[in-house]
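The values are calculated or read from the model by the stated rules, or taken from the named source; none is laboratory data. Just so it is clear, the structure is predicted and the values come from calculations on it, not from any experiment. As a convention, Cβ positions derive from the backbone with ideal geometry for all residues, glycine included, and neighbour counts pool all protein chains shown.
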Amino acid sequence: MARKDWTQLTDEQLLDCRMCDLQLDLEKSTLIPKIERLYEELAARGLDFQPHFWLSDEWFAPDGIPGIAIPFYLAHPRLCQLERKMMLEVEGGADDWCMKILRHETGHALDTAYLLHRRKRYREVFGSYSAPYPEYYRPHPKSRRYVVHLEPWYAQSHPAEDFAETFAVWLKPGSRWRSQYRGWPALKKLEYVDELMESIAGTKPKVLSRKKIEPLQHIKRTLREHYEQRRARYEMDMPSPFDRDLLRLFVPDKDPEAAIQGLRRLEGKTDDYVEQQASALLRKHKTEIERQVTSWTGENRYTVSLVVREVIDRCRELKLRAIGSESRLTRDITIFITVQTMNYLHSGLHRVAL
């Protein structure tokens, strides 16, 4: 199917297109100015390194290849639109977000290009690059041993990610990392990266491969199959039901004490007092709740949406009613979902984005 054809298709029709048939051209996309900006940042630091790029199904920097795959949807606004519909967010869609990811992935590519992980000091500072990647990891939000860049706590997932995140913070123009991380153990990692980059400044990379792994033109899956796989991956991460807490927030319809509880709340009646199905209240504020929880936790928007939808479904099954101040109830349920998301992160079930 020609490129000019699929841009006019409906979402349902577009989902049946094979990814290799999109015929996207990275060189003609709006990604090029961002890549050129990245090259300028590297040159300004004295680094004689320019990773190569190609389009694929997601962000990644392959082992042994000093290059970076960029997700296909960023090469065309119509595909960004579909990505948002299917996953509720466009990873790297905003300019600042895209540059953050580019700097992070460049950390991986540069590590490969100069074989930095083979250095003894690197292993002492970040740990073993060859350690197996966990499918999940347990973050420690209060830890100051790691920088905070792409996502909260992602540097904690693996030594290679720790280096890439630290490098990204160091590379960002105008970064005030010395003052921002003053007093943090993570500052020593930044200082080491600063020394390490000075040691390789002006030198040629040791690994020069321009190979491309899983380029878009070789991927024969349809967009529908692609999104089914991605959505299934996030749905596997769902936390378990939380009835006890929901019963503290809302009132069962047939609970004989419901009327008494309602009267007690009515005594402090406010201008935004409501009595309605809890599921209806959640549906009304769903977008606002998802945005807030995503902001607070750094978790993927699609995963947060799944949590919210499970809570809505459970409220409907338990026939719960929301009685009281709408703003307070909305605040309390937002905090509740945030806590559940954080508990899920602390449980060791935080998936590594490989």
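When region 108-144 is examined, which residues are found to be modelled with pLDDT under 95 and of a type in the set (D, E, K, R)?
Within region 108-144, Glu135, Arg138, Lys142, Arg144 meet the criteria.
I'm checking my understanding of the structure. Among residues of region 163-175 that are modelled with pLDDT of 95 or more and surrounded by fewer than 17 Cβ atoms within 10 Å (Cβ to Cβ), which one is farthest from Phe126 (Cα to Cα)?
Top of the filtered list is Pro173.
Being surrounded by 23 or more Cβ atoms within 10 Å (Cβ to Cβ), more than 17 Å from Leu47 (Cβ to Cβ) and in the same structural domain as Glu41 (by TED's automatic domain parsing), is that true of even one residue in region 112-122?
no
What do you reckon, is Arg103 charged (D, E, K, R), at pLDDT 95 or above, in the same structural domain as Leu223 (by TED's automatic domain parsing) and within 19 Å of Pro62 (Cβ to Cβ)?
So Arg103 fits the description; yes.
When Ala164 is evaluated against the numbered criteria (1) in a loop (DSSP other than H, G, I, E, B); (2) closer than 29 Å to Val293 by Cβ, which criterion, by number, is the only one it fails?
Unmet for Ala164, out of (1) in a loop (DSSP other than H, G, I, E, B); (2) closer than 29 Å to Val293 by Cβ: (1).
List, please: which pairs have Cβ atoms under 7 Å, are six or more places apart or on different chains, and start with a residue in region 97-118 that is outside any helix (DSSP H, G or I) and end with one that is aliphatic (A, V, I, L, M)?
So the pair list comes out as Leu115/Val207.
Can you tell which of Arg84, Arg45 is more than 28 Å from Leu208 (Cα to Cα) and among the basic types (Lys, Arg)? Walk me through how you get there before you give the answer.
Working: Arg45 fails: more than 28 Å from Leu208 (Cα to Cα).
The conditions single out Arg84.
Restricting attention to region 319-327, does a residue exist that is out of contact with any Pro (no Cβ under 8 Å at 6 or more places or on another chain), more than 30 Å from Val148 (Cβ to Cβ), among the β-branched types (Val, Ile, Thr) and buried (at least 18 other Cβ atoms within 10 Å of the Cβ)?
Among the residues of region 319-327, at least one is out of contact with any Pro (no Cβ under 8 Å at 6 or more places or on another chain), more than 30 Å from Val148 (Cβ to Cβ), among the β-branched types (Val, Ile, Thr) and buried (at least 18 other Cβ atoms within 10 Å of the Cβ), which makes the answer yes.
Kindly state which helices (runs of 4 or more DSSP H) lie completely within region 179-259 and contain at least 1 residues that are modelled with pLDDT under 85 and either touching a Ser or Thr at 6+ places or on another chain (Cβ under 9 Å) or surrounded by fewer than 14 Cβ atoms within 10 Å (Cβ to Cβ) (or both).
By residue number, 223-235, 243-249.
Report, ordered by the first and then the second residue, all pairs with beta carbons closer than 6 Å, sequence separation of six or more or different chains, a first member in region 301-317 that is farther than 21 Å from Glu91 by Cα, and a second member that is buried (at least 19 other Cβ atoms within 10 Å of the Cβ) and among the aliphatic types (A, V, I, L, M).
Between residues of region 301-317 that are farther than 21 Å from Glu91 by Cα and residues that are buried (at least 19 other Cβ atoms within 10 Å of the Cβ) and among the aliphatic types (A, V, I, L, M), the close pairs are Ile312/Leu282; Cys315/Ala278.
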